[in-house]
1. For residues that are touching a strand residue (DSSP E or B) at 6+ places or on another chain (Cβ under 7 Å), outside any strand (DSSP E or B) and of a type outside the set (Val, Ile, Thr), tally how many sit in the stretch 85-124.
2. Of the residues that sit in the stretch 75-97 and are within 14 Å of the chain's Cα centre (by Cα) and open to solvent by 20 Å² or more (accessible area, probe 1.4 Å), which one is nearest to residue 237 (Cα to Cα)?
3. Given 31, 24, which one is in contact (Cβ under 8 Å) with a residue 12 or more places away in the chain, assigned to a loop (DSSP other than H, G, I, E, B) and either surrounded by 14 or more Cβ atoms within 10 Å (Cβ to Cβ) or of a type in the set (S, T, N, Q) (or both)?
4. Report, by residue number, each residue of the stretch 326-340 that is among the hydrophobic types (A, V, I, L, M, F, W, C), modelled with pLDDT under 95 and open to solvent by 20 Å² or more (accessible area, probe 1.4 Å).
5. Find all pairs meeting these conditions: Cβ atoms under 6 angstrom apart; at least six residues apart or on different chains; first residue within the stretch 174-185 and farther than 17 Å from residue 126 by Cα and open to solvent by 10 Å² or more (accessible area, probe 1.4 Å); second residue in a strand (DSSP E or B) and of a type outside the set (D, E, K, R).
6. Identify the single condition in (1) touching a Leu at 6+ places or on another chain (Cβ under 9 Å); (2) open to solvent by less than 50 Å² (accessible area, probe 1.4 Å); (3) farther than 26 Å from residue 204 by Cα that residue 69 does not satisfy, given that it satisfies every other one.
7. Looking at the structure I just gave you, is residue 244 at pLDDT below 95 and either over 17 Å from the mean Cα position of the chain (by Cα) or under 24 Å from residue 123 (Cα atoms) (or both)?
8. Could you grab me the full set of residues in the stretch 247-269 that are polar (S, T, N, Q) and loosely packed, with under 14 Cβ neighbours inside 10 Å?
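The values are calculated or read from the model by the stated rules, or taken from the named source; none is laboratory data. Computed from a predicted model, the values in this text were never measured in an experiment. Here the Cβ positions follow ideal geometry from the backbone for every residue, glycine too, while neighbour counts run over all protein chains shown. Accessible surface is based on the protein model in full, side chains and every heavy atom, while ligands, DNA and RNA are left aside. Shrake-Rupley method; radii C 1.70, N 1.55, O 1.52, S 1.80 Å.
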Amino acid sequence: MNSKPILFNMTAAELEQFVAGLGQPKFRAKQISEWLARGAPDFSVMKNLPESLREKLNESARTMPAAIDKMLESADGQTTKFLLALADGQKIETVLMRTSYGNSVCVSSQAGCAMGCKFCASTLLGLHRNLTMNEMIAQVLVASSHLLKGDSPAPQNKRLASSVEFPPLTRGITHIVVMGTGEPLQNTENLRGFLEYANARLGISWRRMTVSTCGIVPGIRELTEWGRPINLAISLHAPNDALRSALMPINNKYPIAEVLDAAFANSEKTGRQLMIEYILLGSHNDTLQNYGPEQAVELAALLRGKNVMVNLIPMNAVAERDFAAPSGNATHRFQDILINAGVHTRIRRERGADIGSACGQLRIK
């Protein structure tokens, strides 16, 4: 556990007071704040501060609420997974995905997860605690800082020495998906604060933010009342209550009909297309019959005529879970049935499976 104060968590007045306690003038607090807003991983990057002050700061404080403990790069160079250490000793995972449409950060909302989904690695160790708003912000800034390595942007503050560079806040980050470890709608206050910050301070459009939930109905209704035009994704993974309850215990509390009613009400208010996530578990929720996967027919009946996009996700390997990817061409047969019923459907291209960062694989290992 690191007991040093975290400067990113301080208000402007608190930071000024902290800096004054080190015998420094107030303007140093503003300089430090500019670096913190860009996710400075440590004080060594703050080149416009005297070396003696940087040494004092390093001895007495931390910059950010999350620091990189380990980092893994996928073989194709498109995905980076960060293991981040928090001040209280908890660790979380964040994923940076480079895509044809931009760079997306997959953000965790909790340390651990209490949902107990039978196919997911994230819930294996249970829930430890909610993440704070600042711990969620830090994940985006860590990813942005990683993207900036090797770049040489022009200084943003012309009064500083020419050797001091202030990169834009989230250069290269275009999308946020809250699909990492945890159930975001069990942490709605911090989630909303994080998304408000990302929009107002980091310049990320509401329409480029997605929140994924197992189906916490009160949380969905809260997002609807909040009214921001973010994308909502429902982790459905089964077309009927019996199967979904066997796979996802949360369905015993919030059955499919109630979840979809709340989700489509959200879609209607925000004008955003609802996303349905459906992990295909070989011989479990893609059962083959003579006419194709029977669950596809059930799912089509649920979603026909709705403003919805179904993301089909072949199961990604999790050592502790007794599930496998669909066999043969089952995924495409499943997709064909949905498309023929008029349901917009795509097969998600999974990224980073070789480093355990694909859907359902995140865990602290």
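1. 7
2. Restricting to residues being within 14 Å of the chain's Cα centre (by Cα) and open to solvent by 20 Å² or more (accessible area, probe 1.4 Å), the top hit is 97.
3. On the way: 31 fails: assigned to a loop (DSSP other than H, G, I, E, B).
Of the residues listed, the single one that is in contact (Cβ under 8 Å) with a residue 12 or more places away in the chain, assigned to a loop (DSSP other than H, G, I, E, B) and either surrounded by 14 or more Cβ atoms within 10 Å (Cβ to Cβ) or of a type in the set (S, T, N, Q) (or both) is 24.
4. Result: 337, single match.
5. Here the result reads 174/102; 174/103; 175/102; 175/104; 177/104; 177/106; 177/210, each pair linking the stretch 174-185 to a residue that is in a strand (DSSP E or B) and of a type outside the set (D, E, K, R).
6. Just one mismatch for residue 69, condition (2).
7. In short, yes.
8. Selection gives 252 alone.
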